[in-house]
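K.L.:
To start, I am sharing the structure in question, which I have written as structure tokens.
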Amino acid sequence: MNTANSDCDATGPASGGGSDHRPSAQTVKWSLSVSPEVVRTGEEILLSESIIDRFIRQRNRIKDVNFTCHLEPFMADAHGVYLSPRENEAHLTQMLRFQELTGITVSPVFNNIYVPNTRANFDRFMSSVEMLYDRGIRSLGVPHLLWMKYGKLNERFPGLRLKNTVLRRVRSAQDLWNHASAGYDYVNIDRLAVRDPYLLAEMKRAQTVFRATTGRHVDISILDGEGCPGACDIIEEHHQHTLTHPGTADANGNLEVFRFPQQFSCLARPHPEMNWLVSVGMPFWARDFCEVCKYIDVIKLPGRRTIHSLEDGLGKLEMISKWDEGIAPDAPETLLRMADNPISTKLLEDWRIVSRTCRFQCWSCQVCQEIIDGCRA
């Protein structure tokens, strides 16, 4: 099962190839997340000497660090994170200090696509962005393509890098082109593309043509999953529920029905320890991981709900930089056990081959179920 890390630097016709193609896994950058819990603990965890030192050592691999920020008209976000006005200001201040100490760009997240994209709301947002810009913010998310097409953000705030939100689900090369044309500098594509190499290659070609045509390089970013199944039938309603439920405005009243152990949770399936078979995320094999990296510039890690995202994110970077084994050390325990078991190795290899290009079209495939049945036989 060992696939050497030297495969990371291979090129091929599917990726566009060519002598100028980047060594993928060593140059792809990472977008990390920080939870508001770093403020709520009352301790200066984020600004501790050990954390700052670790970030400085890894800063060449980090694109940015994103964080929850609630300003008009975006007073709720897709994670259902609640912040009081005091916590919001304390978190923003702490993140700006972190940026100053590390030299790493921090990026407030605005992803509530259910806030109406009216001109009045745009004007409120412009006032919020002006405050952030004056305080040193140089990267942030804009959830509405219409607002980008006004051109005012790029014009009024030079040097501000603008990102879309993963909730918009960029699902084609044309979608990528449209976002780039609207002025985005950084486009989060639909995470389902991780199992569609043909789509990834087409998006990469669109990026290349856009750069040749306009002189602008627009980063392609993909979210490294959140444990969500790729074939989830209610993902968009999940976001809608979290963003529009009255409970999201109350620290103790968020009645989100999709979180474990409630019935609609991703973890509520019969065999939750096998979720990795159907979950969206970067591959666990070095060779497959590097193949995806050929098409993207940034891997976005989730984690704005948990303070552990700090350690998890840095650990991921350190693991990748030292990755010389076939399977990632942080792979699920059930995968590691299967890889060491001759009886299940064939099932696992079949899944690996199929999952590279399956596009999460589970209706026509029983490979994952066969593995579950085989492991329990």
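K.L.:
Keeping to the range 17-46, report how many residues are modelled with pLDDT under 85 and in a strand (DSSP E or B).
P.N.:
Total meeting the criteria: 0.
K.L.:
Among the residues of the range 91-110, how many are surrounded by 17 or more Cβ atoms within 10 Å (Cβ to Cβ) and either of a type in the set (Val, Ile, Thr) or within 15 Å of residue 72 (Cβ to Cβ) (or both)? Give the derivation first.
P.N.:
If we filter the range 91-110 for residues that are surrounded by 17 or more Cβ atoms within 10 Å (Cβ to Cβ), which is where we start, we get 91-92, 94-95, 98-99, 102, 104-110.
After this cut, where a residue has to be either of a type in the set (Val, Ile, Thr) or within 15 Å of residue 72 (Cβ to Cβ) (or both) as well, the list is 92, 102, 104-106, 108-110.
Final tally of qualifying residues: 8.
K.L.:
Taking the range 337-361, which residues are surrounded by 15 or more Cβ atoms within 10 Å (Cβ to Cβ) and not in a helix (DSSP H, G or I)? Give the steps one after another, and end with the answer.
P.N.:
Taking the range 337-361 first, the residues surrounded by 15 or more Cβ atoms within 10 Å (Cβ to Cβ) are 338-339, 344, 347-348, 351-352, 355-356, 358-360.
The answer is 356, 358, 359, 360.
K.L.:
Can you find a residue in the range 193-201 that is under 15 Å from the mean Cα position of the chain (by Cα), of a type in the set (Gly, Ala, Ser) and closer than 26 Å to residue 149 by Cβ?
P.N.:
The answer is yes; a qualifying residue exists.
K.L.:
Also: Is it fair to say residue 364 is under 20 Å from residue 193 (Cα atoms), small (Gly, Ala, Ser) and surrounded by fewer than 14 Cβ atoms within 10 Å (Cβ to Cβ)?
P.N.:
Numbers: under 20 Å from residue 193 (Cα atoms): yes; small (Gly, Ala, Ser): yes; surrounded by fewer than 14 Cβ atoms within 10 Å (Cβ to Cβ): yes.
Answer is yes for this residue.
K.L.:
Would the range 213-236 turn up any residue that is modelled with pLDDT of 95 or more, surrounded by 17 or more Cβ atoms within 10 Å (Cβ to Cβ) and farther than 27 Å from residue 317 by Cα?
P.N.:
Just the residues of the range 213-236 that are modelled with pLDDT of 95 or more, to begin with: 213-222.
Among the residues that remain, those that are also surrounded by 17 or more Cβ atoms within 10 Å (Cβ to Cβ) are: 218-222.
The next check asks that each one be farther than 27 Å from residue 317 by Cα; those that pass are none.
So far as the range 213-236 goes, no, none of its residues is modelled with pLDDT of 95 or more, surrounded by 17 or more Cβ atoms within 10 Å (Cβ to Cβ) and farther than 27 Å from residue 317 by Cα.
K.L.:
Search the range 237-275 for residues being hydrophobic (A, V, I, L, M, F, W, C) and surrounded by 17 or more Cβ atoms within 10 Å (Cβ to Cβ), and hand back the single one that is modelled with the lowest pLDDT.
P.N.:
Initial filter on the range 237-275 (hydrophobic (A, V, I, L, M, F, W, C)): 243, 249, 251, 255, 257-258, 260, 264, 266-268, 274.
Checking which are surrounded by 17 or more Cβ atoms within 10 Å (Cβ to Cβ) leaves us with 243, 258, 266, 274.
Details: 243: 79, 258: 57, 266: 65, 274: 85.
In this case the residue turns out to be 258.
K.L.:
Another question, if that's okay. With 126, 148, 131 as the choices, which residue is closer than 23 Å to residue 239 by Cα and in a helix (DSSP H, G or I)?
P.N.:
Values: 126 fails: closer than 23 Å to residue 239 by Cα; 131 fails: closer than 23 Å to residue 239 by Cα.
It is 148.
K.L.:
To continue, here is another question. Name the residues in the range 91-144 that are hydroxyl-bearing (Ser, Thr, Tyr) and in contact (Cβ under 8 Å) with a residue 60 or more places away in the chain, would you? Break it down into steps so the answer makes sense when it comes.
P.N.:
The first filter runs over the range 91-144 and keeps only residues hydroxyl-bearing (Ser, Thr, Tyr), leaving 93, 102, 105, 107, 114, 118, 127-128, 133, 139.
The answer is 107, 114, 139.
K.L.:
Could you check the range 111-124 and list, in sequence order, the residues that are modelled with pLDDT of 95 or more and among the aromatic types (Phe, Trp, Tyr)?
P.N.:
Across the range 111-124, the qualifying residue is only 122.
K.L.:
Among the residues of the range 151-198, how many are assigned to a loop (DSSP other than H, G, I, E, B) and at negative phi? Show your work before the answer.
P.N.:
So in the range 151-198, the residues assigned to a loop (DSSP other than H, G, I, E, B) come out as 151, 157-160, 164-165, 169, 171-172, 183-185, 190, 196.
Going one step further and asking which of them are at negative phi, we end up with 157-158, 160, 164-165, 171-172, 184-185, 190, 196.
Selection size over the range 151-198: 11.
The values are calculated or read from the model by the stated rules, or taken from the named source; none is laboratory data. Worth saying up front: this structure is predicted, and the values here are computed from it rather than measured. Neighbour counts are summed over all protein chains in view; Cβ atoms, including those assigned to glycine, are modelled from backbone coordinates with ideal geometry.
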